[in-house]
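Asker: Quick one: the structure is below, questions incoming.
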């Protein structure tokens, strides 16, 4: 397999591809709108994107794809995708047929974790938990730079566990599209924070910094919920690093406040887990998809 790598980040509104040379340096990048309501068009668009980048660079590359959802080990078809036309489809097999080569596909949060573990904020760490705090809440696990999928293809699926140690006013919690109530995602996503505070995260920070007591309480409530939720990850996985991604990862105060707050919930005399901002920012998912073929 080629030591040149193409990563594709398949999102609900845009699809991005990146070409990395054998040293991991970005050589080319292309972005297109996702034809999100037509499965066949999605497959064709990814195929054209890959072929176009290869033609531009004059190389043939391995291909990795990050997508919402995951391939079911039971059916070989995609499940749990919020781009609903993908569900029930053998996306990796159809892309392999179009491109004439094997294609590796992983959940987008796993790709984020891989990116930050291979050459990102947690480079060199053996076990990395990658958190997505955005429109939704997800998580991925990288072990020695490779994604941990698990037998059910849900390794790191953190957002659809219940909020831990809930207060009385947090029970039973908001209804979730997964069919349950009180999921972490319904408390910690960007839209959830905006609903609680009546403003966007940057605006809440601006107000809090200006001394607004209500905005300060909203942010403190969010941080306490996030600290409890991450403490359960530390108690189960004890990762060598946690890296935050998604739009809310830009809140600088999280990196100071969360390690102080989660100590009360971690089952240890002290907690030395580093909490890190992403090195590659919005590019982490697409870079991680490229690294699904490893460094060698």
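Just so you know, all these numbers are worked out from the coordinates, no wet-lab data involved. These numbers were taken from a predicted model, which means no experiment stands behind them.
Asker: What do the square roots of 5 times the Cα gyration tensor eigenvalues come to for the range 40-89, in whole Å, largest first, as semi-axes of the equivalent ellipsoid?
Answerer: On the way: eigenvalues 133, 29, 13 Å².
After scaling each eigenvalue by five and taking roots: 26, 12, 8 Å.
Asker: Something else about it: Picking from 214, 192, 17, which is most flexible by a Gaussian network model of the chain using Cα springs under 10 Å?
Answerer: The residue that fluctuates most here is 214.
Asker: Moving to a separate point now. Please check: in the Gaussian network model of the chain (C-alpha springs, under 10 Å), which one of 97, 217, 270 has the largest mean-square fluctuation.
Answerer: Evaluated over the chain, the most mobile residue of the options is 270.
Asker: If you wrap a convex hull around the C-alpha atoms of the range 194-296 and split its volume per residue, what is the figure in Å³? Could you put the intermediate results ahead of the total?
Answerer: Values: hull volume 12.9 nm³, N = 103.
Per residue, the Cα convex hull of the range 194-296 comes to 125 Å³.
Asker: From the convex hull of the Cα coordinates of the range 9-127, what is the mean projected area in square nanometres?
Answerer: If I average the Cα hull's projected area over directions, I get 7.7 nm².
Asker: Shifting gears a bit: Among 141, 103, 127, which one shows the biggest mean-square fluctuation in a GNM of the chain, springs joining Cα atoms closer than 10 Å?
Answerer: Checking each option, the largest mean-square fluctuation is seen for 103.
Asker: On the Cα set of the range 124-278, report Rg and Dmax in Å, please.
Answerer: 15.2, 49
Asker: Oh, and also: Counting DSSP beta bridges in the chain, what percent are antiparallel, to the nearest 5?
Answerer: Values: 26 of 43 bridges.
In the chain, approximately 60 percent of DSSP beta bridges are antiparallel ones.
Asker: What is the chain's relative contact order, in percent, from Cα pairs under 8 angstrom and six or more apart in sequence? Mind showing how you got there, number by number?
Answerer: Working: 623 pairs, mean separation 60.7, N = 296.
Relative contact order comes out at 21 percent.
Asker: Please report, for the Cα atoms of the range 117-161, the Rg to one decimal and the Dmax as a whole number; what are they, in angstrom?
Answerer: For the range 117-161, the Cα-based Rg and Dmax read 10.9, 29 Å.
Asker: Expressed as a rounded percentage, what relative contact order does the range 124-278 have, with Cα pairs under 8 Å and six or more residues apart? Show your work: numbers first, answer last.
Answerer: Values: 247 pairs, mean separation 38.1, N = 155.
Here the relative contact order equals 25 percent.
Asker: Let me ask something else. If each residue of separation counts as 0.36 nm, what is the full-extension length gain between residue 268 and residue 214 once their alpha-carbon separation is subtracted?
Answerer: Working: separation 54, 0.36 × 54 = 19.44 nm, distance 3.32 nm.
Fully extending the segment from residue 268 to residue 214 adds 16.1 nm.
Asker: Report the Cα centroid-to-centroid distance between the range 120-184 and the range 241-296 in angstrom, as an integer.
Answerer: 12 Å
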